[in-house]
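Visitor: Sharing a structure here in structure tokens format.
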Amino acid sequence: MFNFSRRPAAARAGLGAVLVALVAFAGYNIGLAHSPGAGVSAAQAAAKPVDTPRLKGSDPATSYASIVDAVAPAVVTVRVEKKASMVPTQFPDDDLFRFFGRGLPRQQRIPRQSGLGSGVLTTADGYILTNNHVIDGADQVRVELTDKRVFDAKVVGTDPASDLAVLKIEGSGFPVVSIGDSNHVRVGDVVLAIGNPLGVGQTVTMGIISAKGRATGVGDGSYEDFLQTDAPINQGNSGGALISLNGELVGINSQILTPTGGNIGLGFAIPSNMAREVMGQLKEDGRVQRGKLGVSVQSVTPDLAASLKLANTSGALVSGVEPGGAAARAGLKQGDVITALNGEKVADSNALRNRIAGTKPGSAIELEVVRNGKTETMRATLGALEASRERASSDDQGPEGRGFGPTGMAVEPLTPEIARELGLPGRKEGVVVRDVNPDGTAASAGIQPGDVISQVNGEAVRTPSDLRAALAASGERPALLLVTRENADIFLALRTPRS
């Protein structure tokens, strides 16, 4: 899912004053200097020393230098350059502005921008894991190693849904970090965060795993299973490494939760197992395939559990079933509670969503479902989640590979969720404009992010393919688009560039 500038009031209220920043993590190493003789009484000095706790299987935790020496060279700085962009200009809620602007947002041009993040070398031939939001929209990406070598990087693939991206630099013999098993990470484990916070240079910090299985619900992170850490992280550390005391990568630092914009000890890293799977698919074919069950689900609250006569709040409550989808064919109904998948318990809706997404399309699955107080077993064959739900389809990739079609706009089908986000709950068909290249013909025609295109030359469009076909059929004459913007319909004329 993507966020529009016109966020509904309920969503704004839900976030309150809390700011979730997409930044890289960096922890801090707390050490208190202590002189045994300073300020100590004779009785205390003569007392038998007390044994201090030790890390299991290791020497006393006096230094992490050997781990840092081994892994830090594989953590890189990612520098990006982004082209100019257009963003809506917000006006006061004033009748005069509404009259002259007729309710339509104006746009202002943001000049060319530079950005900075971090990344992790995972193969000796130059494949790098980083965050999608670090390189999103960039037309130039460069990677700087700790030995000061700088390389131009190719974007192999991006996955906004998990906020991961894979870069490639040319060469061999690069230092690497081994990818560990994040399922074995436990709450309380000590971890090191390495990255380039605020551009000060590579920094190593320390904390613990504070929680597992977290979801923040921001950005384009449709699939979230974060490791939470108190290792301090700040802007510039996005895409950096979260390292176990075994020297293995257990997470890609991604977000912080903060009311101030600075770190307060609530950081989130994408677990290494998710990163490994996404990286493998991006390297193989440049995109990620995810299974689709065809249900809308929500977590079970105590009140819902009481209403449904459930013993506890575990499981995912089915709030909607897609007609003709895998769930409908399997017999799932609205109000069912999915409590287990392939014999493993389902904790909540987020856990189910991640596990379904991590299963290949076409796979047969077994579901344990509670319906009217009785437990049933159902079997389903997963469909494939459309690529357009996660990013523009490959057919929409322009020469710069940024998801723009020939007219300079990226679109995706309108879903009920997006319609509600845009304040158009009654709109059921059309394609929504996800992004607009400010230098393209779509921008020149007045098309803006968040516009819903429902007709081209009087013919209904429901998918990106419908839109491409309708524009192509328009020939040399401008295509007449019916566009809904902030609950008002307008017509726009769009010319398709000719090759």
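Per-residue answers, yes or no, for (1) modelled with pLDDT of 95 or more; (2) loosely packed, with under 13 Cβ neighbours inside 10 Å; (3) part of a strand (DSSP E or B):
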residue	(1), (2), (3)
Gly39	no, yes, no
Gln44	no, yes, no
Asp51	no, yes, no
Pro60	no, yes, no
Pro73	yes, no, no
Met86	no, no, yes
Pro92	no, yes, no
Gly119	yes, no, yes
Ala124	yes, no, no
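Visitor: Looking at this structure, is Ala340 outside the structural domain of Ser272 (by TED's automatic domain parsing), buried (at least 21 other Cβ atoms within 10 Å of the Cβ) and not in a loop (DSSP other than H, G, I, E, B)?
Guide: So Ala340 fails the test.
Visitor: Here is a further query. Within region 441-470, can you find the residues that are buried (at least 17 other Cβ atoms within 10 Å of the Cβ) and free of Cβ contacts under 8 Å to residues at least 40 places away in the same chain?
Guide: Result: Asp451, Val452, Ser454, Gln455, Val456, Val461, Asp466, Ala470.
Visitor: For region 353-368, which positions are of a type in the set (S, T, N, Q), crowded, with 16+ Cβ neighbours inside 10 Å and touching a strand residue (DSSP E or B) at 6+ places or on another chain (Cβ under 8 Å)?
Guide: Within region 353-368, just Thr359 meets the criteria.
Visitor: How many residues, within region 293-309, are at pLDDT 85 or above and either assigned to a loop (DSSP other than H, G, I, E, B) or not assigned by TED's automatic domain parsing to the domain that holds Lys360 (or both)?
Guide: Going through region 293-309 one residue at a time, the tally reaches 4.
Visitor: Right, here's the next one. Does region 310-322 contain at least one residue that is assigned to a loop (DSSP other than H, G, I, E, B), within 18 Å of Ala384 (Cα to Cα) and at pLDDT 85 or above?
Guide: Within region 310-322, one or more residues are assigned to a loop (DSSP other than H, G, I, E, B), within 18 Å of Ala384 (Cα to Cα) and at pLDDT 85 or above.
Visitor: Those residues that are hydrophobic (A, V, I, L, M, F, W, C) and touching a residue at least 40 places away in the same chain (Cβ under 8 Å), I need them from region 329-348; list them, please.
Guide: Ala330, Leu332, Ile338, Ala347
Visitor: Just the residues that are small (Gly, Ala, Ser) and in contact with a Ser or Thr (Cβ under 7 Å, 6 or more places away or on another chain), please, taken from region 331-362.
Guide: Ala347, Ser349, Gly362 - these are the residues of region 331-362 that are small (Gly, Ala, Ser) and in contact with a Ser or Thr (Cβ under 7 Å, 6 or more places away or on another chain).
Visitor: With the condition being in contact with a Phe, Trp or Tyr (Cβ under 8 Å, 6 or more places away or on another chain), at negative phi and of a type outside the set (A, V, I, L, M, F, W, C), I'd like the strands (runs of 3 or more DSSP E) fully within region 424-490 carrying at least 1 qualifying residues.
Guide: 431-436
Visitor: Right, another one. Name every residue in region 369-385 that is part of a strand (DSSP E or B) and either surrounded by 13 or more Cβ atoms within 10 Å (Cβ to Cβ) or touching a strand residue (DSSP E or B) at 6+ places or on another chain (Cβ under 8 Å) (or both), in order of residue number.
Guide: Correct list: Val369, Val370, Arg371, Thr375, Glu376, Thr377, Met378, Arg379, Ala380, Thr381, Gly383, Ala384.
Visitor: Continuing with the same structure: Of all residues in region 300-311 being touching a residue at least 12 places away in the same chain (Cβ under 8 Å) and out of contact with any strand residue (DSSP E or B) (no Cβ under 7 Å at 6 or more places or on another chain), which is surrounded by the fewest Cβ atoms within 10 Å (Cβ to Cβ)?
Guide: Lys309
The values are calculated or read from the model by the stated rules, or taken from the named source; none is laboratory data. Note that this is a predicted model, so its numbers are computed, not measured. As a convention, Cβ positions derive from the backbone with ideal geometry for all residues, glycine included, and neighbour counts pool all protein chains shown.
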